[in-house]
Amino acid sequence: MSRTKRGLVPLAIIGMLLSAACQPVEPVATDADIIVIGAGIAGLAAALEAESLGARVLVVEANSVAGGHAVKAHSLALVDTPLQRSRGFADSPDKAYRDFMAWGEDADPWWLRSYAEASGEQVHDWLAGLGVRFTTLSAAPQASVPRLHATQGSATRVVVPMIAEALRRPGITFLWNTEATGLLRRDGRVRGVYTERSRTGSKRLYRTEAVILATGGQQSNLELVRRSWKRGQPLPARLLIGSGQYATGSGLRLAEPFGAAGTRLDQQDIAIDGLPDPRRPGHGLLVRNPAAIRVDATGRRFTNEAASGKVLTRAALALSPVTHWLLFDAAGARQLHISGAPWLAGTNSQRDILDNPALASKADSIEALAIAAGLPPAALVETVQRFNRFVDQGMDTDFGRIGPGMNGLRPSALRQPPFYAMQLYPMTRASMGGLDIDHEARVLGGAGQVIQGLFAAGEATGVAGINGSHGGEGSFLGPAVFLGRIAARHAVALVAAVQDPAAPATPAAPSPAATAPSAGSPAAAAGLPELLARQRRGYWHFGVSHALVMERAAACDGCHRDGWDTTPALSSEQQLVQLASCTRCH
Ligand SMILES: Cc1cc2nc3c(=O)[nH]c(=O)nc-3n(C[C@H](O)[C@H](O)[C@H](O)COP(=O)(O)OP(=O)(O)OC[C@H]3O[C@@H](n4cnc5c(N)ncnc54)[C@H](O)[C@@H]3O)c2cc1C
């Protein structure tokens, strides 16, 4: 299975041994049977499943909030569900298998078959049991039936009920703002997790018999993304980040000293419509405009703009240089849609972006537009004239966007000034490769050997190859839940086998250090503007979210209760109240 092996393991091993050896760690005798690293959708599913089976679970999360990538995501591909049936769509595992195989081209057949057969019950029904309500259904391109399930909004509405349930379960303890920095290895198996708390810098070792890596993908680690770039495709000079703050491939790093090597690392779900986020350097926003034409650096169209995402992506990633421009006129500007960051919701993003010369060139003629955008004027004028002729004649003889096999609405000619050009860059999104796992979600070493005690789920595994070479069709979130539950079941079975059955179970009392605020919590003493002005490690989400709170002049008691707007929410009750606010921004 492991196709893309990297020759960096020995160095990584030395680095890890050194860092583990030098850490002044305080060993903590945890009462957890299983440690889950990462509280994204996969880690939450794993924790809930393991707890349901009677295990005591410790969840280690680098961020101060759970949810991971799911707060940026939308829909889940689920097969043969009550919603599909109620709308008259007959889906089946066979149909789904065929559709996914055709779309993904080289999906892992075993995992895909398992997912197609089980997602209705294992993902849909299970989530519904936690209170997730899917209300909309749509079809992925080329799918034989609509099977993309969404809630009323983003997939935040899928993870929030999971977080709420996890907070209520007595056997689950969260360690927030805590990064797993290494794994303890003894007798060839995993025996514990080294952690570092970002707010205090304190280092600990938590011993355990089973670890589930649910650390997400590696798409915010641009060095790794570039190193894994698909052979034969030109490397982009500029590549934006469109994935999570903590999606840095730490699962791979943690497992490397055990001999784990990545698989399918060159399968990366890259978006081609990235616009630099003016508020977050290096990161991108996602641009859509069905009215626009796309031109390359020579000023010429290079694709049927109405083709499926797969065709567009292939065409745009084959360009050299890997960048292109969206071109539209004043009428087309009304169809511009920009997404990908919570700040967009509160502002007139169309105006903010279209009037920002760093993001969009604007001019009253195509020639002037070309000069402003740095494109060859004669070629651009000719491209637009040619496209307008295609519109008038009802036939695009270059790429077939207009004509008999037309996909979508007939576009309008570009004639109404002002004209706009927006330069777009490739933008990372999700990993379709990662840790290699076996059918029990056990992490495998480079030679295919099982690493005892180490499991992985979710994007950390590239969702087990279920997407093949083409993602973007709602097939990460569902598989992440599915894999999280499988990893949990096998981890629980392993723990049951190694633990002395006669030993009395220790009650799951969260270690006080796990939840107490850092000594002399600075939050208590200072006002919000002052807190935000300080750059503090471990306060990333507090900073980005409360910058918006300030901008929108939102009242503290809209989201906080009983005076804890000056301290972190500590109790599960407070965190449950806080959860009601997530969908205000996500
Ligand atoms: C913009 C965007 C849109 C998407 N849209 C869709 C969609 O519509 N449908 C779909 O199916 N999929 C979509 N995806 C993909 C999908 O959201 C992700 O694949 C999925 O949410 C991954 O879940 P996960 O739990 O495996 O990983 P993550 O959600 O990345 O969670 C990993 C968690 O682990 C934590 N972590 C990482 N390293 C450490 C460490 N060392 N110690 C402690 N904690 C750590 C992180 O902070 C994070 O909370 C989208 C992705 C993006 C970026």
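The values are calculated or read from the model by the stated rules, or taken from the named source; none is laboratory data. What you see is a predicted model; the values in this text were computed from it and never measured. Note: ideal-geometry Cβ built from the backbone for every residue, glycine included; neighbour counts use all protein chains shown.
Side notes on the structure shown:
- When each of Arg410, Arg429, Arg415 is tested for being loosely packed, with under 15 Cβ neighbours inside 10 Å, in contact (Cβ under 8 Å) with a residue 60 or more places away in the chain and either out of contact with any helix residue (DSSP H, G or I) (no Cβ under 6 Å at 6 or more places or on another chain) or not in a loop (DSSP other than H, G, I, E, B) (or both), the lone residue that passes is Arg415.
- Scope segment 154-172; condition within 14 Å of the ligand (Cβ to nearest atom) and at pLDDT 95 or above; matching residues: Ala155, Thr156, Arg157, Val158, Val159, Val160, Met162, Ile163, Ala166
- Single unsatisfied condition, Asp187 versus (1) surrounded by fewer than 20 Cβ atoms within 10 Å (Cβ to Cβ); (2) in contact (Cβ under 8 Å) with a residue 12 or more places away in the chain; (3) of a type in the set (D, E, K, R): (2)
- Residue under evaluation Arg238, criteria (1) in a loop (DSSP other than H, G, I, E, B); (2) within 22 Å of Gly468 (Cα to Cα); (3) more than 9 Å from the ligand (Cβ to nearest atom), criterion not met: (2)
- Being away from the ligand (no atom under 12 Å from the Cβ), of a type in the set (Val, Ile, Thr) and touching a residue at least 60 places away in the same chain (Cβ under 8 Å) is not true of Ile466.
- Within segment 53-72, residues that are over 25 Å from Cys585 (Cβ atoms) and not assigned by TED's automatic domain parsing to the domain that holds Trp343 have Cβ atoms under 8 Å from residues that are near the ligand (Cβ under 8 Å from one of its atoms) and hydroxyl-bearing (Ser, Thr, Tyr) in no pair, counting only partners at least 6 apart in sequence or on another chain.
- The test for being among the hydrophobic types (A, V, I, L, M, F, W, C) and within 13 Å of the ligand (Cβ to nearest atom) does not hold for Ala447.
- Flag if Thr347 is out of contact with any Asp or Glu (no Cβ under 8 Å at 6 or more places or on another chain), surrounded by 16 or more Cβ atoms within 10 Å (Cβ to Cβ), of a type in the set (Ser, Thr, Tyr) and assigned by TED's automatic domain parsing to the domain that holds Tyr420: no
- Yes/no for Gly453 being more than 13 Å from the ligand (Cβ to nearest atom), on the phi > 0 side of the Ramachandran plot and part of a strand (DSSP E or B): yes
- Listed by position, the strands (runs of 3 or more DSSP E) inside segment 1-88 whose residues that are modelled with pLDDT of 95 or more and more than 16 Å from the ligand (Cβ to nearest atom) number at least 2 form an empty set.
- Within segment 556-586, the residues that satisfy the criterion of being small (Gly, Ala, Ser) and at pLDDT 90 or above are Ala580, Ser581.
- Taking the criterion of being acidic (Asp, Glu) and more than 28 Å from Leu130 (Cα to Cα), the only residue of segment 158-192 that qualifies is Asp187.
- Filter pass, Thr181 being within 15 Å of the ligand (Cβ to nearest atom), β-branched (Val, Ile, Thr) and assigned by TED's automatic domain parsing to the domain that holds Gly242: yes
- Among the conditions (1) of a type outside the set (Asp, Glu); (2) near the ligand (Cβ under 10 Å from one of its atoms); (3) over 25 Å from Pro357 (Cα atoms), Ala271 misses just one, which is (3).
- The lone criterion from (1) within 16 Å of the ligand (Cβ to nearest atom); (2) at pLDDT 95 or above left unmet by Gly474 is number (2).
- Check on Leu252, assigned to a helix (DSSP H, G or I), more than 9 Å from the ligand (Cβ to nearest atom) and closer than 26 Å to Glu49 by Cα: yes
- Those residues of segment 104-113 which are closer than 20 Å to Gly472 by Cα and part of a helix (DSSP H, G or I), in sequence order: Gly104, Pro109, Trp111, Leu112, Arg113
- Pair list, Cβ under 7 Å, 6 or more apart: segment 168-184 residue more than 11 Å from Ala32 (Cβ to Cβ), other residue away from the ligand (no atom under 15 Å from the Cβ) and not in a strand (DSSP E or B): Arg168/Ser572; Arg169/Glu51; Pro170/Ala508
- Flag if Asp108 is crowded, with 21+ Cβ neighbours inside 10 Å and farther than 30 Å from Ser572 by Cβ: no
- Residue satisfying condition, being at pLDDT 95 or above, farther than 22 Å from Tyr539 by Cα and under 19 Å from the mean Cα position of the chain (by Cα), within set Ser220, Ser228: Ser228
- Gln233 satisfies every condition listed in (1) without any contact (Cβ under 8 Å) to a residue 60 or more places away in the chain; (2) more than 11 Å from the ligand (Cβ to nearest atom); (3) not acidic (Asp, Glu) except (1).
- Among the residues of segment 349-376, just one is closer than 16 Å to Arg301 by Cβ and of a type outside the set (A, V, I, L, M, F, W, C), namely Pro376.
- Qualifying positions in segment 263-303 - in contact with a helix residue (DSSP H, G or I) (Cβ under 7 Å, 6 or more places away or on another chain) and part of a loop (DSSP other than H, G, I, E, B): Arg264, Gln267, Arg279, Asn289, Ala291, Ala292, Thr298, Gly299, Arg300, Phe302, Thr303
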